[in-house]
1. What number of residues within segment 97-156 are among the β-branched types (Val, Ile, Thr) and in contact with a strand residue (DSSP E or B) (Cβ under 6 Å, 6 or more places away or on another chain)?
2. Can you name every residue in segment 124-141 that is assigned to a loop (DSSP other than H, G, I, E, B), open to solvent by 10 Å² or more (accessible area, probe 1.4 Å) and hydrophobic (A, V, I, L, M, F, W, C)?
3. Tally time: how many residues in segment 34-86 are closer than 13 Å to Thr19 by Cβ, in a helix (DSSP H, G or I) and charged (D, E, K, R)?
4. Does segment 12-50 hold any residues that are crowded, with 24+ Cβ neighbours inside 10 Å, under 17 Å from Glu102 (Cα atoms) and hydroxyl-bearing (Ser, Thr, Tyr), and which are they?
5. Of all residues in segment 218-238, count the ones that are assigned to a helix (DSSP H, G or I) and either open to solvent by 60 Å² or more (accessible area, probe 1.4 Å) or of a type in the set (Ser, Thr, Tyr) (or both).
6. Could you list, in sequence order, all residues of segment 51-67 that are open to solvent by less than 40 Å² (accessible area, probe 1.4 Å) and touching a strand residue (DSSP E or B) at 6+ places or on another chain (Cβ under 9 Å)?
7. Consider Pro72 carefully, then state whether it is touching a helix residue (DSSP H, G or I) at 6+ places or on another chain (Cβ under 9 Å) and surrounded by 20 or more Cβ atoms within 10 Å (Cβ to Cβ).
Amino acid sequence: MPVMVITGTGTEVGKTVVTAALAATALAAGRSVAVLKAAQTGVLPAEAGDAEEVARLAGAVTTAELARYPDPLAPATAARRAGRAPVHPHDVAERAAKLATEHDLVLVEGAGGLLVRFDAAGGTLADAAALLAAPVLVVASAGLGTLNVTELTARELRGRGLDLAGVVIGSWPAEPDLASRCNLLDLPDVTGAPLLGAVPAGAGALDPAGFRASAPHWLAPRLEGTWDAETFRVREAP
């Protein structure tokens, strides 16, 4: 698994924090890690982007960013408004493949959801994943409404012949409501993919040392962590 692609069911679902947890867990296992942000939007040149946030939380990772656009929009739209060249799926695949020759694990973080457009031709993160033949990890929200968008994402991945590695809940509330608790059983059912972790809400606000120590407990063994889906479901059962 030299390259893994991380997408979300939408914006603000916790992709960056999940990416940081994956990176921290891999580093703790003695692996070298690179994090590639395919297209960073909504961040000015002097500001820290998502890849830098992963490095702050996770530790000594190599960071790379293909393009940065100031407007908080889909990459294709943000590139057009900025009058800058867009990112293409082959750009993402080429950079990730190069990083994979130098690292044990490359984490490619998308922008928004799976089909958010990178360029005017309609290129997406899904196209980059296909070029890389890389598994895709889907980060989903916990509560009401997540079943529909997560199932749609899973169907799109399978329709393209892509490997859906599993689903991670990007922000598990301290006091989950009924929908969130029921979704622990329903998400694997509707996606046909395993639930591979749940990151607590607010995890990104932890100090880096605390984040790194806790990260393996949020991810399943398939992601090199110790999180157990069945134990978690029993604890949170409605």
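The values are calculated or read from the model by the stated rules, or taken from the named source; none is laboratory data. The model shown is predicted, which means the values in this text are computed figures rather than measured ones. Note that we place each Cβ from the backbone using ideal geometry, even for glycine, and neighbour counts take in every protein chain shown. SASA here: full protein model, heavy atoms, side chains in, ligands and nucleic acids out. Shrake-Rupley method; radii C 1.70, N 1.55, O 1.52, S 1.80 Å.
1. Number of matching residues: 8.
2. Within segment 124-141, just Ala133 meets the criteria.
3. Count: 4.
4. None; the set is empty.
5. Total satisfying the criteria: 6.
6. The answer is Ala51, Val54, Ala55, Ala58, Gly59, Val61, Ala64, Ala67.
7. So Pro72 fails the test.
To keep it simple, each residue is scored yes or no on (1) in a helix (DSSP H, G or I); (2) open to solvent by 10 Å² or more (accessible area, probe 1.4 Å).
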| position | (1), (2) |
| --- | --- |
| Asp91 | yes, yes |
| Ala96 | yes, no |
| Gly122 | no, yes |
| Arg155 | yes, yes |
| Val168 | no, no |
